[in-house]
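The values are calculated or read from the model by the stated rules, or taken from the named source; none is laboratory data. These numbers come from a predicted model, not from an experiment. A quick note on method: Cβ atoms are made from the backbone with ideal geometry, for glycine too, and the neighbour counts reach across all protein chains shown. Calculation scope for accessible area: heavy atoms of the full protein, side chains included, ligands and nucleic acids excluded. Shrake-Rupley method; radii C 1.70, N 1.55, O 1.52, S 1.80 Å.
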Amino acid sequence: MTVVSLGMPNAEYACEHMNTVVGAAEENNVKPEVLVSLIYHESRWVPTAVSKDTACGLTQVLPKYTRNPKLTCEDLKDPTTSIFTGAKKLNYWVYKYGKGRYKTGLCGYNSGFRCKGETPKKKGVLYSQKVLKYARKIKRKYSKIFDTLAIN
């Protein structure tokens, strides 16, 4: 695949991992453009990123919430591990918690269960709006690329 500027830092690195993103998205029944946008917002496609809260890797997952006690921050710095783990977590938040709604699911991905009820956490709401806005831009501009990468 040729490098396509996604209008974000580390676009070349992102393009190198697009097959992994599409595979993880399909395996976990999430939209690849949302997963790309989530990774961009979480880590700017820097695989060694670690937050002040010790969330790790491209998808900024906290190791203690992976449901795999053996998974460490170092493991999550591996792009494939991070992408598949993040896609699995996104699936959980969108379908188990958000009842299929990405806005609610992304809020939960960012802020946890504080997104419940009538007054969800503002930080999580703003996060979901930003991720979805960028995901729509990606979908409009690069849907043909995702279609060619789709696993049939």
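Results, tabulated for the structure shown:
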read-out: Positions within segment 17-35 being closer than 24 Å to K99 by Cβ and of a type in the set (S, T, N, Q), in sequence order; value: N28, N29
read-out: Qualifying position, being in contact (Cβ under 8 Å) with a residue 40 or more places away in the chain and either out of contact with any Pro (no Cβ under 9 Å at 6 or more places or on another chain) or at negative phi (or both), among G108, G112, G98, G86; value: G86
read-out: Cross-chain or 6+ apart pairs with Cβ under 6 Å, segment 1-23 first and under 14 Å from W45 (Cβ atoms), then modelled with pLDDT under 85 and among the polar types (S, T, N, Q); value: A11/S5
read-out: Tally of residues being touching a strand residue (DSSP E or B) at 6+ places or on another chain (Cβ under 9 Å), surrounded by fewer than 19 Cβ atoms within 10 Å (Cβ to Cβ) and not in a helix (DSSP H, G or I) across segment 56-90; value: 4
read-out: Segment 35-52 residues that are polar (S, T, N, Q), paired with ones that are open to solvent by 10 Å² or more (accessible area, probe 1.4 Å) and not in a helix (DSSP H, G or I) (beta carbon under 7 Å, 6 or more apart); value: S43/A49; S43/Q60; T48/K77; S51/Q60
